[in-house]
Amino acid sequence: MGLSYFRRRGLSLVFAASLIVASSCGVFPLKSVTIGGIAWLSDGRIYYVARLDGEPNEIRSVQPDVQPTRQDRTVQGITSTCTPEDYGLRALSNGAMAVSVQCLGGATQLIEYNGQSRPWGGELEGWQTAVWNPVTGQGYTSYYNRCSTLGRLGQDEAIPLSMATATGPIRVDRPVSKMQCTPDIPDVAWPLPHGQGVDVFISLPSVGLEGEARRLADWTLYRAEADGVGHAVLDGFVDIRGAMLSGDGQTLVVAAKRDGDWALWRVDVARRSIRMIADGDYGAVSLSPDNKRLAAVLLGGTKDDQIRVLQLEN
């Protein structure tokens with residue numbers, strides 16, 4: 001596979017989680033590594049959750065021109081008051097990242113990290129991932145238990161988050177302490193704060209379904225402004241693995257299946273248009289601080305996951 005292959009896809013760099021070690025018997029591969037959430041911070045480094053067979057999950061980081069390896073050091077300074085089991089990462093609009101810490105025992109602690117840890121939002125029930133707007137202080141959680149639900153943090157729940165549908169408005173947020181997943185509510189996930197509002201993905205066809213059928217039902221992107229009322233932007237997404245919104249709220253990158261193709265997709269929110277960035281089975285995504293490049297996890301299946309960096313063309 002030559003360099004021209006990567007240029008055709010706008011691919012600037014490829015990171016691979018290299019798992020090669022030497023022994024007295026020669027060189028052999030270790031077991032595969034999977035990469036969880038990623039976040040490209042204002043310090044120029046890409047932070048990622050390393051999930052190595054037989055080892056605790058850790059947050060590590062690399063430069064955009066350096067390959068992650070099993071020997072990468074754990075990021076220091078991300079401190080919680082519990083024993084972590086796992087982490088969720090989401091890049092924030094101020095160049096920091098939201099760190100959701102899954103604690104041994106079931107709770108979630110929230111940390112904002114940009115070289116130093118700052119507790120944010122207290123402790124949540126169960127394992128939830130969170131993202132927030134550093135300007136407004138409004139936050140959102142994603143919770144999965146048989147279905148996906150959305151919660152809110154630091155907001156007036158008297159103003160419900162409702163989406164306009166063909167059958168009337170539906171409320172899609174749930175108090176974080178009372179999240180119950182049942183087949184009679186739609187799946188709601190991937191909150192993406194912008195300005196005074198939020199974008200969110202909703203799967204109305206998931207109502208009445210269970211398990212794998214819910215995950216593979218169609219999802220629609222909705223945009224809500226400060227009044228909490230959302231309207232459909234674009235439909236046709238299936239099994240969304242990652243999503244991130246640009247700082248100006250105009251460009252969305254989604255890792256999902258669409259029209260039968262697994263790929264990275266670029267959505268122009270204002271024009272309600274979409275085009276493929278790169279084909280492949282991708283997971284977590286994160287935009288560079290200048291919104292000109294994109295880091296995305298290419299899922300490796302039985303092989304190592306990779307982090308690829310692509311140009312985000314206009």
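Quick notes on this structure:
- Between 98, 39, 50, the distinction of being modelled with pLDDT of 90 or more, open to solvent by less than 70 Å² (accessible area, probe 1.4 Å), closer than 19 Å to residue 304 by Cβ and not in a loop (DSSP other than H, G, I, E, B) belongs to 50 only.
- Selected residue [modelled with pLDDT of 90 or more, open to solvent by 20 Å² or more (accessible area, probe 1.4 Å) and touching a strand residue (DSSP E or B) at 6+ places or on another chain (Cβ under 7 Å)] from 60, 70, 90, 9: 90
- Failed item, numbered, when residue 28 is tested on (1) modelled with pLDDT under 85; (2) farther than 20 Å from residue 243 by Cβ; (3) open to solvent by less than 60 Å² (accessible area, probe 1.4 Å); (4) not acidic (Asp, Glu): (3)
- Of all the criteria given as (1) open to solvent by 20 Å² or more (accessible area, probe 1.4 Å); (2) closer than 16 Å to residue 91 by Cα; (3) of a type outside the set (Asp, Glu), the one not satisfied by residue 286 is (1).
- Checklist (1) more than 21 Å from residue 293 (Cβ to Cβ); (2) in a strand (DSSP E or B); (3) not β-branched (Val, Ile, Thr) applied to residue 90, failing item: (1)
- Checked against the criteria, residue 119 does not count as closer than 20 Å to residue 35 by Cα and either surrounded by fewer than 18 Cβ atoms within 10 Å (Cβ to Cβ) or modelled with pLDDT under 95 (or both).
- In the stretch 259-278, residue most open to solvent (accessible area, probe 1.4 Å) [restricted to those that are charged (D, E, K, R) and more than 18 Å from the chain's Cα centre (by Cα)]: 271
- Among the residues of the stretch 111-140, those that are closer than 20 Å to residue 161 by Cβ and touching a Pro at 6+ places or on another chain (Cβ under 7 Å) comprise 131, 132, 133, 138, 140.
- Set 159, 111: member being farther than 27 Å from residue 213 by Cα, over 21 Å from the mean Cα position of the chain (by Cα) and either aliphatic (A, V, I, L, M) or modelled with pLDDT of 95 or more (or both): 159
- Within the stretch 28-87, tally of residues that are in contact (Cβ under 8 Å) with a residue 60 or more places away in the chain, within 22 Å of residue 281 (Cα to Cα) and among the polar types (S, T, N, Q): 2
The values are calculated or read from the model by the stated rules, or taken from the named source; none is laboratory data. Bear in mind that the values here come from a model prediction, so they are computed numbers and not experimental data. In this analysis, Cβ positions are derived from the backbone assuming ideal geometry, glycine residues included, and neighbour counts consider all displayed protein chains. Ligands, DNA and RNA are excluded from the accessible area calculation, which covers all protein heavy atoms including side chains. Shrake-Rupley method; radii C 1.70, N 1.55, O 1.52, S 1.80 Å.
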